[in-house]
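What follows is a short report on a single structure.
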Amino acid sequence: MIACLDVDYKENEAQIACLLFEDWKDEHPHSIATLEICDIQEYVPGQFYKRELPCIIQVLEKISIPLEVIVIDGYVWLKDEQSPGLGAYLYEHLKKTIPIIGVAKNKYKDDQGCSGKVWRGQSAKPLYVTVAGMELTTALAHIKNMHGAYRIPTLLKLVDQSCRDWKRG
């Protein structure tokens, strides 16, 4: 099973969405769940992972299905493979047992070539992909082959929408 994760924030609360699917070309998820988390850490510039990683870990602890790959919204590596981003910290937390693919909509300002680019649909803007635990070329092919005619694959758009759909006002 493949998991896509995304987090949305409101003040000191977060909602995380976890979407599970079986094949990179799937149009519909196997399942999707959200979790609200209160009293999250404040955002500290340059240490975003300290805010988001605990949220991701909490939702992953609720998944009983074995995962083959996890896709996050963001970067695994920042400027190079010596500069860990959220995905690298998650990969370390999982004891390097599950590959992590980071998909970002915007290029990290200090990226020194650790990301690959995927153009999808008719968009002139690429997605920026970084990875730990698998070859970058494999990760690029997976993201390129995901369902959807647009820049953002169908299931990545759905997980983004799901984390923003707060159940309470």
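The values are calculated or read from the model by the stated rules, or taken from the named source; none is laboratory data. Here the structure is a predicted model, which means the values were calculated and not measured. Cβ atoms come from the backbone with ideal geometry, glycine included; neighbour counts cover every protein chain shown.
Key figures for this structure:
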{"item": "Members of segment 73-96 that are more than 13 Å from TYR128 (Cα to Cα) and among the hydroxyl-bearing types (Ser, Thr, Tyr)", "result": "SER83, TYR89, TYR91"}
{"item": "Single residue of GLU135, GLU92, GLU81 found to be more than 20 Å from TYR9 (Cα to Cα), touching a Cys at 6+ places or on another chain (Cβ under 7 Å) and free of Cβ contacts under 8 Å to residues at least 40 places away in the same chain", "result": "GLU81"}
{"item": "From the options GLU135, GLU81, residue that is surrounded by fewer than 18 Cβ atoms within 10 Å (Cβ to Cβ), modelled with pLDDT under 95 and on the phi < 0 side of the Ramachandran plot", "result": "GLU81"}
{"item": "Top-ranked residue in segment 1-30 [being more than 16 Å from the chain's Cα centre (by Cα) and part of a strand (DSSP E or B); ranked as surrounded by the most Cβ atoms within 10 Å (Cβ to Cβ)]", "result": "GLU13"}
{"item": "Cross-chain or 6+ apart pairs with Cβ under 7 Å, segment 145-169 first and over 15 Å from LYS105 (Cα atoms), then assigned to a loop (DSSP other than H, G, I, E, B) and modelled with pLDDT under 95", "result": "ALA149/GLY121"}
{"item": "Hey, GLY169 at pLDDT below 95, surrounded by 12 or more Cβ atoms within 10 Å (Cβ to Cβ) and closer than 20 Å to ALA17 by Cβ or not", "result": "no"}
{"item": "Sole residue being at pLDDT below 95, under 25 Å from GLU36 (Cβ atoms) and either in contact with a strand residue (DSSP E or B) (Cβ under 6 Å, 6 or more places away or on another chain) or not aromatic (Phe, Trp, Tyr) (or both), chosen from ILE72, ILE98, ILE63", "result": "ILE63"}
{"item": "From GLU13, GLU22, residue being at pLDDT below 95 and either among the polar types (S, T, N, Q) or on the phi < 0 side of the Ramachandran plot (or both)", "result": "GLU13"}
{"item": "Residue check, VAL69 closer than 13 Å to ILE152 by Cα and among the hydrophobic types (A, V, I, L, M, F, W, C)", "result": "no"}
{"item": "GLN41 vs. criteria in a loop (DSSP other than H, G, I, E, B), of a type outside the set (D, E, K, R) and either surrounded by 11 or more Cβ atoms within 10 Å (Cβ to Cβ) or modelled with pLDDT under 95 (or both)", "result": "yes"}
{"item": "Neighbours by Cβ (under 6 Å, 6+ apart or cross-chain): first from segment 115-131, in contact (Cβ under 8 Å) with a residue 40 or more places away in the chain; second in a loop (DSSP other than H, G, I, E, B)", "result": "TYR128/LYS107; TYR128/SER115; THR130/TYR75; THR130/VAL76; THR130/CYS114; THR130/SER115; VAL131/VAL76"}
{"item": "In segment 44-78, residue surrounded by the most Cβ atoms within 10 Å (Cβ to Cβ) [restricted to those that are free of Cβ contacts under 8 Å to residues at least 60 places away in the same chain and within 24 Å of ALA141 (Cα to Cα)]", "result": "VAL76"}
{"item": "Among the candidates THR97, THR130, residue that is of a type in the set (Ser, Thr, Tyr), surrounded by fewer than 22 Cβ atoms within 10 Å (Cβ to Cβ) and under 21 Å from PHE21 (Cα atoms)", "result": "THR97"}
{"item": "Helices (runs of 4 or more DSSP H) within segment 54-169 that include 2 or more residues farther than 16 Å from TRP24 by Cα", "result": "86-93, 154-164"}
